[in-house]
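Participant: There's a structure below that I have some questions on.
Nothing in this text is a laboratory measurement; each read-out follows from the coordinates by a stated rule. Note that the structure is a prediction, hence the values are computed from the model and not measured. With ideal geometry, Cβ positions are generated from the backbone for all residues, glycine too; neighbour counts draw on all protein chains shown.
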Amino acid sequence: MLYNQYIMNELYRLNDGYPRSEVFDEILPMIRTVGGIALSYQHKSDSVEHKLDGSPVTYADKAIEEYVFNRLGKILPDDGFQGEEGFLRDSKNGRLWTLDPIDGTIQFIHGQEFWATLLALDDTDITTTGFITFPARNELIFAEINKGCWEISNNKINKLQASSVSSLPEAYVLHNGIDFAKKANRLDQLSKIVLSAYAERGYADAFGHAEIMRGHADVMIDFLTEYHDIAAVKIGIAESGGTWTAIDGTQDLSNGSGGSITSNGKLHQTIVEALR
């Protein structure tokens, strides 16, 4: 059973007495509840609607966002909140939580296990904490600034580390699909990259980025992302020794760049240049 007191105590011990804080003592149990909410909706055929832009949204998205909004309001009332589905609370102390309740909706509604819930904390515009939980896989990745990136899986805790591959012909490149590359007007660039790489696969959303944190792959190209898609990811990437930027190489998703790159850091500039 994930996130129990044994796991939390073991985490503190493994990381030189990892300091107890409101983040872990309060947020980990909440994340566990969120996973249960999501799983209770996954195999219900009537749990999907469509937004005005045609993209799917599930009742799980709404239930999770309402629960997290209300729970954070009770335990951290001065913190702000913004969720993908529109829940919003202004911050009184400069801290802001960002939630993507179901990241990977297509996987979720098709009964796959590669979807996640993403929760991140920004303190005065610096991302300090991120949680990426895969309820159907019974896995949780979390990172705190200057404390590393960790994964709880199968009742074990592992510190994650990005790979050391430095050559594109040796690299395992992930991306979120041809259709997204086409919509971002970068299909030709993506084709050249993957044809030059050792191997490539399409792994959408947070799961692909998590593979970079784990060192299982070397580059993830994620076209057409927004801040809620990447807030928790970028702190995990940084704390596992990797690099995140928008597709144009900047730190700004609002400038029309339309997507994100995560990598082990050694290949990052090569991919940025190839996508221009």
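Participant: Where a ≥ b ≥ c are the square roots of the eigenvalues of the C-alpha gyration tensor, would you call segment 168-275 rounded, which needs a/c under 1.5, or, failing that, prolate if a/b is larger than b/c, or oblate? Each step should come with its number before you reach the end.
Facilitator: On the way: a/c = 1.43, a/b = 1.04, b/c = 1.38.
Verdict is rounded for segment 168-275.
Participant: Evaluate the charge dipole of segment 68-171 about its Cα centre and quote only its size in Debye, nearest 20, assuming +1 on the Cβ of each Lys and Arg and -1 on the Cβ of each Asp and Glu. Don't skip to the answer; put the middle values down first.
Facilitator: Values: 9 positive and 15 negative charges, 79 e Å.
That gives a dipole near 380 debye.
Participant: On a C-alpha basis, how far is the centre of segment 94-146 from the centre of segment 152-202 in Å? Whole number, if you could?
Facilitator: Segment 94-146 and segment 152-202 have Cα centres spaced 19 Å from each other.
Participant: Then there's this: Does segment 46-164 classify as rounded, prolate or oblate by the C-alpha gyration tensor (a ≥ b ≥ c root eigenvalues; a/c under 1.5 gives rounded; else a/b over b/c gives prolate, otherwise oblate)? Numbers along the way, then the final one.
Facilitator: Details: a/c = 1.98, a/b = 1.06, b/c = 1.86.
Oblate, since a/c reaches 1.5 and b/c is not below a/b.
Participant: Give, in nm to one decimal, the length gained when the segment between K159 and L187 is fully stretched (0.36 nm per residue of separation minus the Cα-Cα distance).
Facilitator: Working: separation 28, 0.36 × 28 = 10.08 nm, distance 3.48 nm.
Here the answer is 6.6 nm.
Participant: A further question on this structure: How big is the charge dipole of the chain about its Cα centre, in debye rounded to the nearest 20, if each Lys and Arg gets +1 on its Cβ and each Asp and Glu gets -1 on its Cβ?
Facilitator: Numbers: 24 positive and 39 negative charges, 102 e Å.
Value, rounded to 20: 500 debye.
Participant: Going toward the positive end of the dipole of the chain, with +1 on Lys and Arg Cβ and -1 on Asp and Glu Cβ, which of S240, G104, L72 do you reach last?
Facilitator: Checked the options; the winner is S240.
Participant: Place a point 7 Å from Cα of I106 in the direction of its Cβ. Which residues in segment 30-44 have their backbone N less than 11 Å from it?
Facilitator: It comes to no residues whatsoever.
Participant: Which of the peptides 97-108, 27-38, 157-168, 221-232 is most tightly packed, and how do the rest follow, going by the mean number of other Cβ atoms within 10 Å of each residue?
Facilitator: On the way: 97-108: 24.1, 27-38: 18.6, 157-168: 17.0, 221-232: 22.5.
Ranking, from highest mean packing down: 97-108, 221-232, 27-38, 157-168.
Participant: How do the peptides 144-152, 127-135 rank, highest first, by the average count of neighbouring beta carbon atoms within 10 Å per residue?
Facilitator: Working: 144-152: 19.0, 127-135: 24.2.
Peptide ranking by packing, descending: 127-135, 144-152.
Participant: Moving to a separate point now. Based on Cβ point charges of +1 for Lys and Arg and -1 for Asp and Glu, what charge dipole magnitude is obtained for segment 208-276 about its Cα centre, in debye rounded to the nearest 20?
Facilitator: Numbers: 4 positive and 9 negative charges, 33 e Å.
It comes to approximately 160 debye.
Participant: If each DSSP helix of 4+ residues adds -39,500 (n - 2.57) and the sum is divided by the residues in the chain, what number results at 222 nm, nearest 500 deg cm²/dmol? List each step's numbers first, then the result.
Facilitator: Values: 9 runs with 100 residues, N = 276.
Theoretical 222 nm ellipticity from helices: -11000 deg cm²/dmol.
Participant: Which percent of the Cα-Cα distances in the chain go past 24 Å?
Facilitator: The proportion of pairs with Cα distances above 24 Å equals 48 percent.
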